[in-house]
Ligand SMILES: [Fe+2]
Ligand SMILES: [Fe+2]
C-alpha cells in the first residue's frame, strides 16, 4: 500500500470517502503496531480500534443505502457481515501468534480495497442518478475535508 491515500479510491461520496481514509489509516497503524512488536495490550487496542471503525463505517454505508433506497442493500450488508467475520478470524490468528505479521498488510489491503473498488463504487454509481439524496448531504462540505485531486 502506498503511504498516501490514492485519489483513485475516491468513490465520490464525501462522507464515505473520508471514512475509507480513516479505515486505511487505522489498518496501517495496526500493521505498524504489530511490525514494531509493540506490547500485546497495544496490539489488541489497535485491533479493537480498527474493528470499531469498520463496524461504524459499514453501518454508515448501510444507512446511506437505506436512505437512498439502493436496490442492492441487502446483498451489500451481507458482504459487510462476511468481512467482519473474516476480520475477526484473522485477528484471532494475530492474537494467538499463529498469523505472520507479513501477511497482515496484504490481508488488510485486500480486505478494505477490494470491497471499495468492487462493491462500494456501485453505491456511488447509483447515487449519481438517484433522486432521493442522503440525509444531511448538504452539510458534508461544511464539515468534511474535500478530496484533493
Ligand atoms: Fe466502504
Ligand atoms: Fe461497503
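Each reported figure results from applying straightforward, stated rules to the coordinates on display, with no laboratory input. Remember, predicted model here, so these are calculated numbers, not experimental data. A quick note on method: Cβ atoms are made from the backbone with ideal geometry, for glycine too, and the neighbour counts reach across all protein chains shown.
Running a GNM on the chain with Cα contacts under 10 Å, which residue among 71, 134, 39 ends up with the highest mean-square fluctuation?
Checking each option, the largest mean-square fluctuation is seen for 39.
If the elastic network links every pair of Cα atoms under 10 Å, which of 27, 132, 60 fluctuates the most in the Gaussian network model of the chain?
Greatest mean-square fluctuation among the candidates belongs to 132.
Run the paramagnetic zone check for residue 121: 7 angstrom along Cα to Cβ, then residues of the range 12-27 with backbone nitrogen under 19 Å.
12-21, 24
How large, in Å, is the range 1-98 by the Kirkwood hydrodynamic radius built from its alpha-carbon pairs?
Numbers: mean 1/r = 0.0677 Å⁻¹.
Kirkwood radius, the range 1-98: 14.8 Å.
Please find, in a Gaussian network model of the chain (springs between Cα atoms separated by less than 10 Å), the residue of 76, 57, 129 whose mean-square fluctuation is greatest.
Highest fluctuation among the options: 129.
Can you compute the helix-only [θ] at 222 nm over the chain? Use -39500 (n - 2.57) per DSSP H run of at least 4 residues, normalise by all residues, nearest 500 deg cm²/dmol. Intermediate results must be reported in sequence, preceding the final value.
On the way: 6 runs with 94 residues, N = 149.
Estimated from H runs of four or more residues: -21000 deg cm²/dmol.
Would you mind getting me the FRET efficiency between residue 139 and residue 63? Use the beta-carbon distance for r and R0 = 22 Å, nearest 0.05.
Working: r = 15 Å, r/R0 = 0.67.
Result of the calculation: an efficiency of 0.90.
Which value in nm describes the separation of the simple spin-label points at residue 131 and residue 84, placed 7 Å from the Cα toward the beta carbon?
Between residue 131 and residue 84, the simple spin-label model gives 3.3 nm.
For the range 68-106 and the range 6-65, write down the distance between their C-alpha centroids in whole Å.
If we compute the Cα centre of each part, the gap is 12 Å.
Simple spin-label model, 7 Å along Cα-to-Cβ: residue 52 to residue 29 in nm?
1.0 nm
How high is the FRET efficiency between residue 77 and residue 36 when r is their beta carbon distance and R₀ equals 30 Å, given to the nearest 0.05?
Values: r = 35 Å, r/R0 = 1.17.
It comes out at approximately 0.30.
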